[in-house]
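S.K.: Pasting a structure here, questions to come.
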Amino acid sequence: MNRRNFINVTALAGSSLPFHRFALPARQERKTPVAYPDPAVEIIDPRFAKYKVGNAAVERLYTGARWAEGPVWFGDGCYLLFSDIPNNRILRWLEDTGEVSVFRRPSNYSNGNYRDRQGRLLTCEHDSRRVTRTEHDGAITVLIDRFQGKQLNAPNDLVVHADGAIWFTDPGYGIMSDYEGHKAPFELPANLYRLDPNSRQATVVAGDMDKPNGLCFSPDEKKLYVVDTGVPKHPGDPRPIRVYDVEDGARLKNGRLFANMSPGSSDGIRCDVDGNVWSAAGWAGEGFNGVHVFAPDGTLIGKIHLPETCANLCFGGAKRNRLFMAASQSLYSVYVDTQGVQMP
């Protein structure tokens, strides 16, 4: 199949979005009631205690994906979108009913999703090797698919700065196999890019990572956290979440280790309003899989244990105090006593 010939099946991205015709069978998990407080939410450092809601439990909202990724909250429509990469679709979970339906199929093996400051959906597409924006009328705009005349690898995750610039990672997982895209040769290094909102020109802001993946800004946007999911080159090397100082909103300096996720790995990350970093965690078995929470100084202060490897997460709900977790085959959530900084 020619990667330049894709059929985009879209729906409107605003609150007026109608129910998609491809509704899925109800697959909301009914599990044994949990005795409060839920032991799945673990306090490791006393600083995490204030974020745990004593009478809130981890909920499994849906199962039936192959590899769930890229959750993004739409408060104006009371729904969550998330990617199911190998099934080549974006799913939508409705808060009011718990119904899950197909929002877009094919999705070009979409991975990370975010919203810009105008509330439009931004998507990293593995198979088409591009970053797109879904307009309010449902049309899709290609924001970038090439850099210096060469095809991007397979954009993975993205965030938006207050100035409107889009920062995205391009590790290339979508061209490394036929499972999450189509196998193809790399034309570019695995970089972290900034796409200027005015000139629409991209610049490499970091090229010192093996596989730059999830990323998020600190609440004041003076720091950028980036996960490197590359395989360590030497025994004992960290599996890092890195942090950089943001200079003039457009450049990075002083890259350094923020947290070591060994023996497992991180993937997606988000900050809360207090500057804590909430990191997906997986690939190290029971006791590790789920979400790890780090204080601004890099100390591990809490964990949310899940029975599956967690790939990505976001805050949402009416008060932005509900943590949604895309974990392997399932979507989970838990209420916490803080809010995410993702806007809008």
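The values are calculated or read from the model by the stated rules, or taken from the named source; none is laboratory data. Because the structure is a prediction, the values reported are computed rather than measured. We place every Cβ from the backbone using ideal geometry, glycine too, and count neighbours over all the protein chains shown. These accessible areas exclude ligands, DNA and RNA; they are computed on the full protein's heavy atoms, side chains included. Shrake-Rupley method; radii C 1.70, N 1.55, O 1.52, S 1.80 Å.
S.K.: Please go through the range 319-335 and pick out each residue that is over 16 Å from the mean Cα position of the chain (by Cα) and either modelled with pLDDT under 95 or open to solvent by less than 10 Å² (accessible area, probe 1.4 Å) (or both).
M.R.: Hit for the range 319-335 is V334, nothing else.
S.K.: Quick test of your reading of the structure: A284 fulfils all but one of (1) out of contact with any Pro (no Cβ under 6 Å at 6 or more places or on another chain); (2) without any contact (Cβ under 8 Å) to a residue 40 or more places away in the chain. Name the failing condition by number.
M.R.: In the conditions (1) out of contact with any Pro (no Cβ under 6 Å at 6 or more places or on another chain); (2) without any contact (Cβ under 8 Å) to a residue 40 or more places away in the chain, A284 misses (1) alone.
S.K.: Looking at (1) surrounded by fewer than 16 Cβ atoms within 10 Å (Cβ to Cβ); (2) without any contact (Cβ under 8 Å) to a residue 40 or more places away in the chain, which is the one condition that is false for L152?
M.R.: For L152, the exception is condition (1).
S.K.: Between residues in the range 255-273 that are over 25 Å from A68 (Cβ atoms) and open to solvent by 30 Å² or more (accessible area, probe 1.4 Å) and residues that are small (G, A, S) and in a strand (DSSP E or B), which pairs lie under 7 Å by C-beta distance while being six or more apart or on different chains?
M.R.: If the second residue must be small (G, A, S) and in a strand (DSSP E or B), the pairs left are G255/A206.
S.K.: Going residue by residue through the range 91-110, is there one that turns out to be more than 25 Å from S128 (Cβ to Cβ), not acidic (D, E) and not in a loop (DSSP other than H, G, I, E, B)?
M.R.: Residues of the range 91-110 that are more than 25 Å from S128 (Cβ to Cβ), as a first pass: 94-99.
With the extra rule that they be not acidic (D, E), the set shrinks to 94, 97-98.
Now narrow it down to the ones that are not in a loop (DSSP other than H, G, I, E, B): 94.
Within the range 91-110, one or more residues are more than 25 Å from S128 (Cβ to Cβ), not acidic (D, E) and not in a loop (DSSP other than H, G, I, E, B).
S.K.: Name the residues in the range 161-170 that are open to solvent by 10 Å² or more (accessible area, probe 1.4 Å) and either closer than 16 Å to G112 by Cβ or acidic (D, E) (or both), would you?
M.R.: Start the filter on the range 161-170 by keeping residues that are open to solvent by 10 Å² or more (accessible area, probe 1.4 Å), which leaves 161-164, 166.
H161, D163, I166 - these are the residues of the range 161-170 that are open to solvent by 10 Å² or more (accessible area, probe 1.4 Å) and either closer than 16 Å to G112 by Cβ or acidic (D, E) (or both).
S.K.: Of a type outside the set (F, W, Y), over 20 Å from the mean Cα position of the chain (by Cα), within 28 Å of V159 (Cα to Cα) and surrounded by fewer than 21 Cβ atoms within 10 Å (Cβ to Cβ): which single residue out of G77, G64, G54, G98 fits that description?
M.R.: On the way: G77 fails: over 20 Å from the mean Cα position of the chain (by Cα); G64 fails: over 20 Å from the mean Cα position of the chain (by Cα); G54 fails: within 28 Å of V159 (Cα to Cα).
Exactly one residue qualifies, and that residue is G98.
S.K.: Pick from P171, P238, P185, P219: which is out of contact with any strand residue (DSSP E or B) (no Cβ under 8 Å at 6 or more places or on another chain) and either touching a residue at least 24 places away in the same chain (Cβ under 8 Å) or farther than 21 Å from W67 by Cα (or both)? Working first, answer last.
M.R.: Working: P171 fails: out of contact with any strand residue (DSSP E or B) (no Cβ under 8 Å at 6 or more places or on another chain); P238 fails: out of contact with any strand residue (DSSP E or B) (no Cβ under 8 Å at 6 or more places or on another chain); P219 fails: out of contact with any strand residue (DSSP E or B) (no Cβ under 8 Å at 6 or more places or on another chain).
Being out of contact with any strand residue (DSSP E or B) (no Cβ under 8 Å at 6 or more places or on another chain) and either touching a residue at least 24 places away in the same chain (Cβ under 8 Å) or farther than 21 Å from W67 by Cα (or both) holds for just one of P171, P238, P185, P219, which is P185.
S.K.: Do the conditions hold for K303, that is, is it open to solvent by 10 Å² or more (accessible area, probe 1.4 Å) and in a strand (DSSP E or B)? Spell out how you get there, then give the answer.
M.R.: Working: open to solvent by 10 Å² or more (accessible area, probe 1.4 Å): yes; in a strand (DSSP E or B): yes.
Yes.
S.K.: Here's something else I'd like to know. For the range 221-251, which residues satisfy the criterion of being assigned to a strand (DSSP E or B), farther than 26 Å from C310 by Cβ and open to solvent by less than 60 Å² (accessible area, probe 1.4 Å)?
M.R.: So in the range 221-251, the residues assigned to a strand (DSSP E or B) come out as 223-228, 240-247, 251.
Going one step further and asking which of them are farther than 26 Å from C310 by Cβ, we end up with 245-247, 251.
Answer for the range 221-251, where residues must be assigned to a strand (DSSP E or B), farther than 26 Å from C310 by Cβ and open to solvent by less than 60 Å² (accessible area, probe 1.4 Å): D245, V246.
S.K.: Which pairs turn up if I take residues in the range 49-64 that are under 24 Å from W93 (Cα atoms) and look for partners that are at pLDDT below 95 and among the polar types (S, T, N, Q) with beta carbon separation below 7 Å, at least 6 apart in sequence or on another chain?
M.R.: L61/Q28; Y62/Q28
S.K.: For S110, state whether it is in contact with a Cys (Cβ under 7 Å, 6 or more places away or on another chain), closer than 24 Å to L323 by Cα and among the polar types (S, T, N, Q).
M.R.: Details: in contact with a Cys (Cβ under 7 Å, 6 or more places away or on another chain): yes; closer than 24 Å to L323 by Cα: yes; among the polar types (S, T, N, Q): yes.
Yes.
S.K.: If you don't mind, another one. Any chance the range 333-343 includes a residue that's on the phi > 0 side of the Ramachandran plot and acidic (D, E)?
M.R.: Initially, the range 333-343 is screened for residues on the phi > 0 side of the Ramachandran plot, giving none.
No: the range 333-343 contains no residue that is on the phi > 0 side of the Ramachandran plot and acidic (D, E).
S.K.: May I pose another question? Out of the range 144-160, which residues are in a loop (DSSP other than H, G, I, E, B) and out of contact with any Asp or Glu (no Cβ under 6 Å at 6 or more places or on another chain)? So that I can check it myself, show each step before the final result.
M.R.: At the first step, the residues of the range 144-160 found to be in a loop (DSSP other than H, G, I, E, B) are 145, 148-149, 152-157.
D145, Q148, G149, A154, N156, D157 - these are the residues of the range 144-160 that are in a loop (DSSP other than H, G, I, E, B) and out of contact with any Asp or Glu (no Cβ under 6 Å at 6 or more places or on another chain).
S.K.: Also, quick follow-up: Could you list, in sequence order, the residues of the range 171-214 that are of a type in the set (V, I, T) and open to solvent by 50 Å² or more (accessible area, probe 1.4 Å)?
M.R.: Of everything in the range 171-214, those that are of a type in the set (V, I, T) and open to solvent by 50 Å² or more (accessible area, probe 1.4 Å) turn out to be T203, V204.
S.K.: Within the range 186-220, work out how many residues are assigned to a loop (DSSP other than H, G, I, E, B), more than 16 Å from the chain's Cα centre (by Cα) and closer than 24 Å to I175 by Cα. It would help to see each step written out before you state the result.
M.R.: The first filter runs over the range 186-220 and keeps only residues assigned to a loop (DSSP other than H, G, I, E, B), leaving 186-190, 196-201, 207-211, 218-220.
Filter once more, so that each one left must be more than 16 Å from the chain's Cα centre (by Cα): 186-190, 196-201, 207-210, 219-220.
Retained after the next criterion (residues that are closer than 24 Å to I175 by Cα): 186-190, 201, 207-210.
Total satisfying the criteria: 10.
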